[in-house]
1. One residue is enough: does the stretch 236-247 have a residue meeting the conditions within 16 Å of the ligand (Cβ to nearest atom), in a helix (DSSP H, G or I) and either small (Gly, Ala, Ser) or closer than 14 Å to Ala314 by Cα (or both)?
2. Please identify the pairs in which a residue from the stretch 158-186 that is outside any strand (DSSP E or B) has its Cβ atom under 6 Å from the Cβ atom of a residue that is modelled with pLDDT of 95 or more and among the β-branched types (Val, Ile, Thr), counting only partners at least 6 apart or on another chain.
3. So which of Asn280, Asn308 is farther than 19 Å from Gly113 by Cβ, in contact with a Cys (Cβ under 9 Å, 6 or more places away or on another chain) and not aliphatic (A, V, I, L, M)?
4. Exactly one condition in (1) away from the ligand (no atom under 13 Å from the Cβ); (2) in contact with a Cys (Cβ under 7 Å, 6 or more places away or on another chain) is false for Leu57; which is it?
5. Answer with yes or no whether Lys242 is farther than 18 Å from Asp162 by Cα, surrounded by fewer than 20 Cβ atoms within 10 Å (Cβ to Cβ), touching a Lys or Arg at 6+ places or on another chain (Cβ under 9 Å) and of a type outside the set (S, T, N, Q).
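The values are calculated or read from the model by the stated rules, or taken from the named source; none is laboratory data. Just so it is clear, the structure is predicted and the values come from calculations on it, not from any experiment. Here the Cβ is made from the backbone with ideal geometry for all residues, glycine too, and neighbour counts use every protein chain on show.
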Amino acid sequence: MSLRRAKITAVSHHLPERRVTNTDLAKFVDTSDEWIFNRTGIRERRMVDKGVAASDLGASAAKKVLEKRGIDASEVDLIVFATVTPDMFFPSSACLVQQKIGASKAWGFDLSGACSGFLYALATGTQFIQTGAHQKVLVIGADVMTSIINFEDRATCVLFGDGAGAVLLEPAEDGEKGILDFILRSDGSGGQFLYMPAGGSLNPSSVETVQKKMHYVHQDGKNVFKFAVRGMAEISQEILDKNQINIKDIKLYIPHQANMRIIKAAIDRMGLDESQVAINIDRYANTTAATIPICLSEAAESKRIKKNDYVLLASFGAGFTWGSILLRWENEELY
Ligand code: UT7
């Protein structure tokens, strides 16, 4: 017996209004628009106002998804919320979103996959549709990275921004392909290169951890860079080979948006043309779990992807975690 297929029936995103340009950052940290843009491709990023958390961004994106699909929140069965910046350790941000959007019949959980969080969550949600357990699954990627970066550290504070994206997964119709395949990986030996040392059970928050700035993102950028290029390019090629799809048949490649140089190096390796690649790092920087659904949402809204187009998603991030998801876009009339 073959399992039924899952497809994305709606996608949307939400970004805070406040824009912080490279020049704004250069006012309080020793950097410049030229350095940031040349080394990363970032021009500006969005930042929440005080008191706005990941569940707020996620709930706004989720509400827009339900509006687009024209269904009531009470129809949602499950909420999978990918983030490294949950509102709190518990309750989960999925529960907070459930309440904020009024998804009265849904259960949900948070998933920690860093920059690969959305792909991990999309693959997870897909299983609940494929098995027949659920009919409507909301998958959200949301992060408030500005809550965990040290604005005195120029090596990290220029890289990240805040945002959220969300999709609704439902069973595909006969003849539709929807989510075709996923390959997901992790390698814990990479954990030392990108992490937040304090606030968990290893180093509970204390005056000392705060004084030592252990509650912020720590990164060995060069090492992450090296692994990211290879990891994203290889796992993208692997899923194409496995499904016997030629790279030229990919309408849109959506890589994680951490650094324009990583994206360029990965697509050069794969032989992709820049016209096939979604890029918004210049406007939003690295929003961790949110980058891929935001790109997908912008591509759908601008009609850059249409029914029957093949779309390839790929990510690399802390953990290390990385992965690729191949899908065929099945929507037309909604966008
Ligand atoms: O999504 C999670 C995954 N994360 C990533 O994928 C990030 C991967 N890594 C990167 O994107 C890059 O390594 C960075 C953008 C983080 C850094 O770029 P880089 O080309 O590797 O620069 P670097 O760290 O080697 O620094 C080069 C120089 C250093 O100065 P010296 O030692 O050469 O005098 C830094 O101190 O640039 C300096 N620098 C800066 N200068 C101005 C570092 N940050 C800044 C800054 N402004 N913001």
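1. Filtering the stretch 236-247 for residues within 16 Å of the ligand (Cβ to nearest atom) gives 236.
Adding the requirement that they be in a helix (DSSP H, G or I) leaves 236.
Then drop every residue that is not either small (Gly, Ala, Ser) or closer than 14 Å to Ala314 by Cα (or both), which leaves 236.
Within the stretch 236-247, one or more residues are within 16 Å of the ligand (Cβ to nearest atom), in a helix (DSSP H, G or I) and either small (Gly, Ala, Ser) or closer than 14 Å to Ala314 by Cα (or both).
2. If the second residue must be modelled with pLDDT of 95 or more and among the β-branched types (Val, Ile, Thr), the pairs left are Val158/Thr31; Val158/Ile36; Gly161/Thr287.
3. On the way: Asn308 fails: in contact with a Cys (Cβ under 9 Å, 6 or more places away or on another chain).
From the options Asn280, Asn308, the qualifying one is Asn280.
4. The one condition Leu57 does not meet is (2).
5. no
A quick yes/no check of all residues on (1) in a strand (DSSP E or B); (2) under 29 Å from Arg18 (Cα atoms):
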residue: Ala266; (1), (2): no, no
residue: Ile292; (1), (2): no, yes
residue: Leu296; (1), (2): no, yes
residue: Trp322; (1), (2): yes, no
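Conditions tested, residue by residue: (1) surrounded by fewer than 17 Cβ atoms within 10 Å (Cβ to Cβ); (2) out of contact with any strand residue (DSSP E or B) (no Cβ under 6 Å at 6 or more places or on another chain).
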residue	(1), (2)
Ser236	no, no
Gly271	yes, yes
Ala290	no, no
Phe320	no, yes
